[in-house]
Amino acid sequence: MAVWGKRNDLYVETGLYPGVRDGAIKWMVFKGPQQAYHLKSFADDLLKSKSKVFVDATAGDKSYVDKKHCRRKETNCRHDAYPEIATVIENNYRMVDEVEGIRIYVRK
């Protein structure tokens, strides 16, 4: 499973292993010289691991995301605000549910 957002507890709750090397999206949403590297690493890891589940966990009270640094504040740092990630999700996953703002996708 790959989680977009700081919800490492989801790995424990589901018993699934992380599908990406960096579980915290802090470096992906904060603008800076390393942002492009971290976005590419996340996308590459997701493609390589072929995670069966992708979760956009940037909404809700447990998201732990500092929304003032997101590209599009109105989307609460959703993955689709980042074309590098949105393209991978659009091409490889389909949304199956949304629970308390957390979007759950499965591999096509």
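The values are calculated or read from the model by the stated rules, or taken from the named source; none is laboratory data. Only a predicted model underlies this, so the values are computations on that prediction, with no experimental measurement involved. As a convention, Cβ positions derive from the backbone with ideal geometry for all residues, glycine included, and neighbour counts pool all protein chains shown. Side chains are part of the model used for accessible areas, which takes the heavy atoms of the whole protein and leaves out ligands, DNA and RNA. Shrake-Rupley method; radii C 1.70, N 1.55, O 1.52, S 1.80 Å.
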Residue 5 buried (at least 17 other Cβ atoms within 10 Å of the Cβ) and not hydrophobic (A, V, I, L, M, F, W, C)
yes
What number goes with the only condition from (1) modelled with pLDDT of 85 or more; (2) open to solvent by 20 Å² or more (accessible area, probe 1.4 Å); (3) among the aliphatic types (A, V, I, L, M) that residue 24 does not pass?
(1)
Which residue is least open to solvent (accessible area, probe 1.4 Å), if the candidates are limited to segment 86-100 and must be at pLDDT below 95 and of a type in the set (Asp, Glu)?
98
Taking helices (runs of 4 or more DSSP H) that do not extend beyond segment 1-65, which have at least 2 residues that are in contact with a helix residue (DSSP H, G or I) (Cβ under 8 Å, 6 or more places away or on another chain)?
26-29, 35-49
Would you please name the residue that is nearest to the chain's Cα centre (by Cα), looking only at residues in segment 45-60 that are open to solvent by less than 50 Å² (accessible area, probe 1.4 Å) and among the polar types (S, T, N, Q)?
58
